[in-house]
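Heads up, the thing below is written out as structure tokens.
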Amino acid sequence: MLRVDFKDFAFGTFLIALALIAFGATGSLAIGTAADMGPGFVPRALAWMILGFGVTFLITGLAKARAPIPAPAWRPLAAILASIALFAVLFAKLGLIAACVGAVVVAGAATSPVRWLQLVAFGVVMAAFSALLFVKGLGLPFRLW
Amino acid sequence: MELFDNLALGLATAATWQNLLFCFAGVMIGTLVGVLPGISPLTTVAMLLPFTFGLAPASALIMLAGIFYGAQYGSSTAAILVNVPGETSSIVTCIDGYQMAKQGRAGSALAIAAIASFFAGTVATVVIALLSLPLAAFALKFTAVETVSLIILGLLGAVVLAHGSPPKAIAMIVVGVLLGLVGVDVNSGVPRMTFGIADINDGIGFVPIAIGLFGIAEMIHNLERPQDRNFVGTRISNLVPTRDDLRRAWPAMVRGTAVGSILGVLPGGGAALPPFSAYALEKKIAADPSRFGKGAIEGVASPEAANNAGAQTSFVPMLTLGIPSNPLMALMIGALMIQGIQPGPQVMTKQPELFWGVIASMWIGNLMLIIINLPLIGIWVSLLRVPYHFLFPAIVVFCAIGAYSIGNSLFDLWLMLGFGLVGYFFIKIGVEPAPFVLGFVLGPMLEENFRRAMLIASGDFWVFLERPISAVLLAISALLLAALLVPEIRRKREVLKEE
């Protein structure tokens, strides 16, 4: 295996990518002069700094002793992100109650064992609670279903 | 006396029945999330921020502040009884507090922790009141030049006291500032880095970012660790501390309050660092240091006083200068902004009832905590038994509703999801997200003042060193940076963090 500090290396790569995106997005903005800055001046200056940091971390990452990135926990990661995505989709299509039940059930799949019936029941309770608190109580303009 | 007039105004504001109610709600929610490991006050404040939109500004801030210091109380309960700190601020309380509980002195430890917190809260309220007037008066004289230097000092100060590698923290600040600039440029009216997405013309939403980075990412991280809790079997019978415990705790309480008040005001201050320093101090000056770790009451009293004092005095830079010293204060700034209030020294003169009301509410809130919480300890203990696998689906739902409701925008939900993923990546590569958030909040202010300063000075960068106040602020910033490079200090900093 390579002798690479993968944490530093990954952070450096992230910063370089971000700086390049920023350069791309600010390319058409006027830079102006120091006395009369255009909208592009500060963002481009910051992007240069980020690029500098990125290159530095990339190099130090290569020079340092090997340090792996701890393996991500795929199951909670996927379940939680899917749960939020499902909430967004269901909320737009079917309203708050469906979104609450769906999000609770999918989020619950993050840990094992998954007790589906319990989760559905809990989702219904959460939906009722949210509807009462946010729509009835705080008067937020949410579609319930 | 102006001070007493101000405090009277504050008490009058804080003691209206609505504000008392919101203060009560804040400290109760705070205690709840403090007790429960896995939900930080930061996540809670971020989740609840959108719902404060409809409240009066003073009520909103009073409630959010209550969550912060209420969490310090709840956290120590979990630390003493279960040996699991609810928050980082009570990690040290575990050491001696849990030992006391094992020896059957849980009641005494809980009572001393509560008394120490109340005492520290009272002193901190006075410290805030005393410091705020001169600081704000001083800051009102600032021009764009001094403001730029002050922001730089604030950001660098946060790095010194933050966890992890300083260069990475500084890089994260710059990233935060850059992302803070996304949206239509105020001076030219040109959209910047928006990629044609209309939803971010007014800037990327702060609340979805905060909930994603802290709430969602931390939740995923929590789920990969097994949640184990060891209850102390003994019942908490007696909540009255023994005379001997009180005698020993009293001076420790005073020292802890002093440490917390000082460290809390500094940039980067908050509730996390003071208890470590206070504990180290107690151990150093104790006649018999070997008692520590075996249930020494000073090891509970001093850190508990320090974290509460630090939590409260960290409001000083936020309220008087508009500079947040930690991510939670950045959220408070966000709360002010959604109320249409520009944070800064003018808040005190333009909105005195808001300013002093929040300060007075802290003392009232602390009083509520000690009166209400000690009798309720049984309820909090039973809440400790709520398993995390029941909590987190509920947190997901509240986070989602919170992120959506800030602007009734589905885009914010996707933004929260994206930043949850990015936040998890940061956790995995060992980079702290806190400096990013501070940079993000201060970014627009930094750019605006920088451009104005350059306009006044017709493009001469030396102006920052020619103005005396600005030069001093930058000199302190340079000293902080230099201090980080000195190996001796660097090593001490690491040791302090690890202890």
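Taken together, the values in this text are just the output of simple stated rules run on the coordinates, not laboratory data. On a predicted model such as this, the values are computed, not experimentally measured, just so you know. Note: ideal-geometry Cβ built from the backbone for every residue, glycine included; neighbour counts use all protein chains shown.
Run the reach check for residue A:64 against lysines, Cα to Cα strictly under 19 Å, same-chain hits fewer than 8 apart removed. What comes back?
Qualifying lysines at Cα under 19 Å: A:7, B:168, B:428.
Net charge around residue A:29, counting only other residues with Cβ within less than 9 Å of its Cβ (Lys, Arg = +1; Asp, Glu = -1)?
+1
What's the angle, to the nearest 10 degrees (0 to 90), between helix B:298-313's Cα axis and the longest principal axis of chain B?
In chain B, helix B:298-313 runs at an angle near 30 degrees to the longest axis.
So for the range A:15-145, taking the charge dipole from beta-carbon charges (+1 Lys/Arg, -1 Asp/Glu), which of A:132, A:37, A:109 sits furthest toward the positive end?
Sorting the options by dipole projection puts first A:109.
Could you work out [θ]222 nm for chain B from helices alone, using -39500 (n - 2.57) per DSSP H run of at least four and dividing by all its residues? Round to the nearest 500 deg cm²/dmol.
The per-residue figure over chain B is -23500 deg cm²/dmol.
Using the Cα atoms of the range A:6-63 to build a convex hull, what is its mean projected area in square nanometres?
Across all orientations, the range A:6-63 yields a mean hull projection of 3.8 nm².
Could you tell me the center-to-center distance, by alpha carbons, between the range A:53-71 and the range B:69-88 in angstrom?
36 Å
Which chymotrypsin sites (Phe, Trp or Tyr not before Pro) from the range B:156-226 combine a DSSP loop assignment with at most 13 other Cβ atoms within 10 Å?
On the way: sites: B:195, B:206, B:214; in loops: B:195.
For chymotrypsin sites (Phe, Trp or Tyr not before Pro) across the range B:156-226 that sit outside H, G, I, E and B with at most 13 neighbouring Cβ atoms in 10 Å, the list reads B:195.
Would you list the P(r) distribution for the protein assembly as shown, with all Cα-Cα distances sorted into 20 Å bins from 0 and each bin expressed as a whole %?
Spelled out per bin, shortest first, that is 19, 54, 26, 1.
Provide a whole-number value for the mean count of partner chain Cβ atoms within 10 Å of the Cβ atoms in peptide A:98-107. Kindly include the intermediate steps, with their values, before the conclusion.
Numbers: counts 0, 5, 6, 1, 1, 7, 5, 1, 2, 10.
Per-residue shielding by partner chains comes out at 4.
Take chain B, drop everything but the C-alpha atoms, weight them equally and run the Debye formula without solvent; then report log10 I(q)/I(0) at 0.07, 0.09 Å⁻¹ to two decimals.
Calculated log10 I(q)/I(0) at the listed q: -0.35, -0.59.
Among B:370, B:56, B:429, whose Cα lies farthest out toward the positive end of the dipole of chain B, if unit charges sit on the beta carbon of Lys, Arg (+1) and Asp, Glu (-1)?
Farthest towards the positive end: B:370.
Once you have the alpha carbon radius of gyration of chain A, what is it after dividing by 2.2 N^0.38 Å, with N set to its residue count?
1.61
Roughly what would the spin-label model give for residue B:486 and residue A:71, points 7 Å off Cα along C-beta, in nm?
My value for the distance between the label points is 4.5 nm.
Whole Å is fine, so just give me how far the alpha carbon centre of the range B:89-108 lies from that of the range A:94-145.
Comparing the Cα centres of the range B:89-108 and the range A:94-145, I get a distance of 38 Å.
For chain B, with only Lys/Arg (+1) and Asp/Glu (-1) charged at the beta-carbon, what is the dipole magnitude about the Cα centre, in debye rounded to 20?
1060 debye
Nearest 20 debye, what's the magnitude of the dipole of the protein assembly as shown about its Cα centre given +1 on Lys and Arg Cβ and -1 on Asp and Glu Cβ?
Dipole magnitude for the protein assembly as shown comes out near 1360 debye.
When Cβ neighbours within 10 Å are restricted to other protein chains, what is their mean count per residue of peptide A:113-125?
1
Suppose a student asked you for the relative contact order of chain B, using Cα pairs under 8 Å spaced at least 6 residues apart; what percent would you report?
Result for chain B is 28 percent.
Over all pairs of distinct alpha carbons, what does the Kirkwood formula give as the hydrodynamic radius of the range B:41-128, in Å? Write down the numbers at each step before the final one.
On the way: mean 1/r = 0.0704 Å⁻¹.
Mean inverse Cα-Cα distance, inverted, gives 14.2 Å.
How would you rank B:420-432, B:130-142, B:457-469, B:317-329, highest first, on the average number of other Cβ atoms within 10 Å across their residues?
Details: B:420-432: 20.5, B:130-142: 15.7, B:457-469: 13.9, B:317-329: 26.4.
My ranking of the peptides, most packed first, is B:317-329, B:420-432, B:130-142, B:457-469.
What average count of beta carbons from other chains do you get within 10 Å of the Cβ of residues in A:126-139?
Values: counts 5, 1, 0, 3, 5, 0, 0, 3, 5, 0, 0, 1, 5, 1.
Mean partner shielding for this stretch: 2.
For the ranges B:291-303, A:67-79, B:442-454, what's the packing order if you count other beta-carbon atoms within 10 Å of each residue, average per peptide, and put the highest first?
Final packing ranking: B:291-303, B:442-454, A:67-79.
Taking amide H positions as placed in the peptide plane 1.01 Å from N, state which residues far from residue A:144 in sequence (5 or more) or on other chains have amide H under 5 Å from it.
A:96
Around residue B:192, which amide H atoms from residues at least 5 apart in sequence, or from another chain, sit under 5 Å from its own amide H, with H modelled in the peptide plane?
Result for residue B:192 returns B:183, B:184, B:185.
Stretched out fully, how many nm does the piece from residue B:342 to residue B:188 gain, at 0.36 nm a residue minus the Cα gap? Mind showing how you got there, number by number?
Values: separation 154, 0.36 × 154 = 55.44 nm, distance 2.10 nm.
Answer, rounded to one decimal: 53.3 nm.
Scan chain A and hand back the longest stretch that contains none of the trypsin sites (Lys or Arg not before Pro) lying in DSSP loops with at most 16 other Cβ atoms within 10 Å.
By the stated rule (loop sites, at most 16 other Cβ atoms within 10 Å), A:4-63.
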